[in-house]
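What follows is a short report on a single structure.
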Amino acid sequence: MSTVARTTFTSPQEYLELEHRAEFKSEYYDGQIYAMAGTSLRHNSIAVNLLVELFSQLRGQPCRPYLSDVRLKTRASDAYMYPDIMVICGPPQLAPNEFDTVLNPTVIIEVLSPSTESWDRGGKFARYRPIESLTDYVLVSQDEVLVEHYTRQGEQWLLTASSRPADSLVIGSIGCSVPLADIYARVTFDSDETKPS
């Protein structure tokens, strides 16, 4: 989730200098800096559930999942993002002169939020698609059981949507299969997020 932090044009170098000194994360694209907002309990629970499942299944494998504290640079558009989850296969490739910015995700997963859903589906996905290493883009709803999985097929992206707890998110590129029931484990959909689940 992000909100506009500044409205004047900022160069990528200025953004990185500010980001290295900042107390809070921000994303950057089209010369603008967007402050990252906090997430809901549902959003966080879903992301943690997915991370735990992927970490468990990838243990001992050449691929590793990372949570949203790892910054991604998209080479084609000079954008810097913090995906909710990235899976990187093999050694992380770092951006030139950067120690904390990666270039080579295989899988990107975003948990949709009401304020950023259209951006995750449109502008953000448009910036992710040119990443050569990227094979899978996954959007996970936090308002209902719904997982949308885009898989690269040459120059095209094939969409598969799953909405039943018995369905599974199958990510063939990394050899993982996660039941939707596990993605949404202990997640409630009522409006009172403080209620124990």
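The values are calculated or read from the model by the stated rules, or taken from the named source; none is laboratory data. Bear in mind that the values here come from a model prediction, so they are computed numbers and not experimental data. Every residue, glycine among them, receives a Cβ derived from its backbone with ideal geometry; neighbour counts consider all protein chains shown.
When I46 is tested against (1) closer than 25 Å to E98 by Cβ; (2) in contact (Cβ under 8 Å) with a residue 40 or more places away in the chain, only condition (1) is not met. Cβ separations smaller than 6 Å between residues 6+ apart or across chains give the following pairs from the stretch 65-79 residues that are within 16 Å of S11 (Cβ to Cβ) to residues that are surrounded by 15 or more Cβ atoms within 10 Å (Cβ to Cβ) and of a type in the set (S, T, Y): K73/Y80; K73/T101; A79/Y29. Need the failing condition index for R152 against (1) touching an Asp or Glu at 6+ places or on another chain (Cβ under 8 Å); (2) of a type in the set (K, R); (3) touching a residue at least 24 places away in the same chain (Cβ under 8 Å), just the number. So R152 meets the others, but not (3). For D30, the conditions (1) acidic (D, E); (2) within 20 Å of the chain's Cα centre (by Cα); (3) on the phi < 0 side of the Ramachandran plot all hold with the exception of (3). Look at (1) over 23 Å from I174 (Cβ atoms); (2) at pLDDT 95 or above and you find that L72 fails only one, number (1). Can we say E27 is among the charged types (D, E, K, R), farther than 19 Å from D136 by Cβ and in a loop (DSSP other than H, G, I, E, B)? It is false that E27 is among the charged types (D, E, K, R), farther than 19 Å from D136 by Cβ and in a loop (DSSP other than H, G, I, E, B). Scanning the stretch 174-197 for residues that are at pLDDT 95 or above and over 15 Å from I46 (Cα atoms) yields I174, G175, C176, S177. Taken over the stretch 50-62, residues that are surrounded by fewer than 19 Cβ atoms within 10 Å (Cβ to Cβ) and in contact with a helix residue (DSSP H, G or I) (Cβ under 9 Å, 6 or more places away or on another chain) amount to 4.
Among the residues of the stretch 140-188, those that are in contact with a His (Cβ under 8 Å, 6 or more places away or on another chain) and buried (at least 17 other Cβ atoms within 10 Å of the Cβ) comprise Q142, S162, L169, I171. Does at least one position in the stretch 12-24 carry a residue that is in contact (Cβ under 8 Å) with a residue 12 or more places away in the chain, over 25 Å from R121 (Cβ atoms), outside any loop (DSSP other than H, G, I, E, B) and among the hydrophobic types (A, V, I, L, M, F, W, C)? For the stretch 12-24, residues in contact (Cβ under 8 Å) with a residue 12 or more places away in the chain, over 25 Å from R121 (Cβ atoms), outside any loop (DSSP other than H, G, I, E, B) and among the hydrophobic types (A, V, I, L, M, F, W, C): present. Checking H43 against (1) within 23 Å of V140 (Cβ to Cβ); (2) not in a helix (DSSP H, G or I), only one condition comes out false. Which one? The failed condition is (2). Applying the set (1) small (G, A, S); (2) touching a residue at least 12 places away in the same chain (Cβ under 8 Å); (3) part of a loop (DSSP other than H, G, I, E, B) to G60 leaves exactly one unmet item: (2). Within the stretch 80-99, the set of residues being part of a strand (DSSP E or B) and surrounded by fewer than 20 Cβ atoms within 10 Å (Cβ to Cβ) comprises C89, L94.
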